[in-house]
Amino acid sequence: GVYFGSLPERQKLAPKPKLDLALKKPFSYSAEFKTKINTAMMFLMIPTVDFRQIEEVRQLNLLGKILDDKTLKLVREKLSISYSPGAGHSFDQDFINFCHLQFVADVEPKNVGALQNAIESIIKETYEKGITSQDLEAVRKPTLNQIKDYIKTNEYWLDRVLKDSVI
């Protein structure tokens with residue numbers, strides 16, 4: 001009240017309308033570019049739930065971290081076909097239905113098929129066998145520690161809390 005009580009009331013901002021970016025059907029896109037670097041980039045995206053389904057999003061974030069660990073172990077350590085593969089759950093609050101599990105890796109063009117097979121095997125194994133409590137705990141504890149540290153920072157309070165409170 002000392003700082004804000006004397007300010008005149010201002011017009012409230014309306015939330016931005018959200019665009020629907022839902023993938024309507026599966027598709028594949030491939031493009032080639034002339035370059036001296038003989039590298040391919042592969043992205044695989046699997047649509048998930050809407051950002052506003054927060055419980056599911058939290059679970060998918062943990063699943064994304066588990067898939068990231070599995071991807072690193074198989075693609076980088078076992079097969080050695082990509083140095084920096086990754087996986088995770090990605091979301092954007094500015095769009096409706098724009099959450100997805102994603103896999104990404106740079107790879108030599110001759111290994112694109114092997115990379116695709118490796119990622120598909122990770123997805124199939126996870127779908128068929130599920131995840132273990134050890135897999136879950138291996139990502140849950142570091143995530144909770146990261147969150148505890150994050151909410152102590154100015155970035156959290158200024159970028160998340162105050163910016164969103166404008167609306």
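The values are calculated or read from the model by the stated rules, or taken from the named source; none is laboratory data. Bear in mind that the values here come from a model prediction, so they are computed numbers and not experimental data. All Cβ positions, glycine included, derive from the backbone under ideal geometry; neighbour counts span all protein chains shown. Heavy atoms of the whole protein, side chains included, go into the accessibility calculation; ligands, DNA and RNA do not. Shrake-Rupley method; radii C 1.70, N 1.55, O 1.52, S 1.80 Å.
Scanning segment 34-54 for residues that are among the hydrophobic types (A, V, I, L, M, F, W, C) and farther than 21 Å from Ile81 by Cα turns up Ile46, Val49, Phe51, Ile54.
Out of all the residues in segment 105-125, is one or more in contact with a Leu (Cβ under 6 Å, 6 or more places away or on another chain) and either more than 20 Å from Lys65 (Cβ to Cβ) or open to solvent by 80 Å² or more (accessible area, probe 1.4 Å) (or both)? Within segment 105-125, one or more residues are in contact with a Leu (Cβ under 6 Å, 6 or more places away or on another chain) and either more than 20 Å from Lys65 (Cβ to Cβ) or open to solvent by 80 Å² or more (accessible area, probe 1.4 Å) (or both). Each residue in segment 41-66 was checked for being among the aliphatic types (A, V, I, L, M) and under 11 Å from the mean Cα position of the chain (by Cα), and 6 of them qualify. Comparison of Lys24, Lys78 shows that the only residue that is open to solvent by 40 Å² or more (accessible area, probe 1.4 Å) and at pLDDT below 80 is Lys24. Taking segment 134-156 as the range and being open to solvent by 80 Å² or more (accessible area, probe 1.4 Å) and of a type in the set (Val, Ile, Thr) as the test, only Ile147 passes. Per this entry, Ile131 is not counted among residues that are open to solvent by 60 Å² or more (accessible area, probe 1.4 Å), modelled with pLDDT under 90 and either of a type outside the set (A, V, I, L, M) or not in a helix (DSSP H, G or I) (or both).
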